[in-house]
Amino acid sequence: MIRQRLTNILKGMLILVFLTQWGWAQGTPESAQKFGFVDSLQVLYETQEGKREISKIQAFLEERQKDFDARRMELDRLRQQFESEVRTLDRQTGMERQRTIEDKGLQLKRFQEDTQGEITRRRDEALRAISEKVGEILVEYGEKQNFGVIFLRGETQVYVDPALDFTSQIIRIYDQKYGRPMASGPPPTTP
């Protein structure tokens, strides 16, 4: 794990050195050699649209959690009832109740898997829509500000000088271009 992280850091540093040296070797003006970083997760969580999408997913999750809890309680009730009556049930009735419990257990598992799949689908859909818009903004911003390269922050950057991180500017531009006022309600929680 540590070896992989160090390898990624080294690769990132080599790419940065290469790009910087390549720019100097090309004789480009100093303004074209600028580079910066953007934290894409921060953009997602802090733009107005990102907050709205996260709130929708959170509301869906809470609704499904209530449904899951009710189903699990019903299954637990059936199991307890079966365990308390197992000695008094005839063989046929006992087998039918066991099948019912097994079926309810499978239904609960499928419900959980379907819910996770739906959450993933909704999250990916929101990320894709926001990422496309962020990509457009980054290209425009990079060109206007004469950036040579813009990196998305990730685990490979252990430290980034705050002067090179312009995430807050991208959030501001995004909200100006695509934001709408948020509906009142509780703030979204980060999943």
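The values are calculated or read from the model by the stated rules, or taken from the named source; none is laboratory data. These numbers were taken from a predicted model, which means no experiment stands behind them. Every residue, glycine as well, gets a Cβ built from its backbone with ideal geometry; the counts of neighbours run over all protein chains shown.
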Under the condition of being outside any helix (DSSP H, G or I) and within 17 Å of Ala129 (Cα to Cα), which residue from the range 38-73 is modelled with the highest pLDDT?
Thr47
Could you check how many residues of the range 32-48 are closer than 16 Å to Gln176 by Cα and in contact with a Phe, Trp or Tyr (Cβ under 6 Å, 6 or more places away or on another chain)?
1
Can you name the residue in the range 161-190 that is surrounded by fewer than 16 Cβ atoms within 10 Å (Cβ to Cβ) and of a type in the set (Gly, Ala, Ser) and is also modelled with the highest pLDDT among such residues?
Ser168
Among the listed residues Thr100, Thr156, which satisfies the condition of being in contact with a helix residue (DSSP H, G or I) (Cβ under 7 Å, 6 or more places away or on another chain), in a helix (DSSP H, G or I) and either at positive phi or touching a residue at least 12 places away in the same chain (Cβ under 8 Å) (or both)?
Thr100
Of residues in the range 103-148 being in a helix (DSSP H, G or I) and of a type in the set (S, T, N, Q), the one nearest to Arg77 (Cα to Cα)
Gln107
Test for Lys66: is it crowded, with 16+ Cβ neighbours inside 10 Å and of a type outside the set (Asp, Glu):
no
Flag for Arg122 being surrounded by 12 or more Cβ atoms within 10 Å (Cβ to Cβ), more than 30 Å from Ile173 (Cα to Cα) and in contact with a helix residue (DSSP H, G or I) (Cβ under 7 Å, 6 or more places away or on another chain)
no
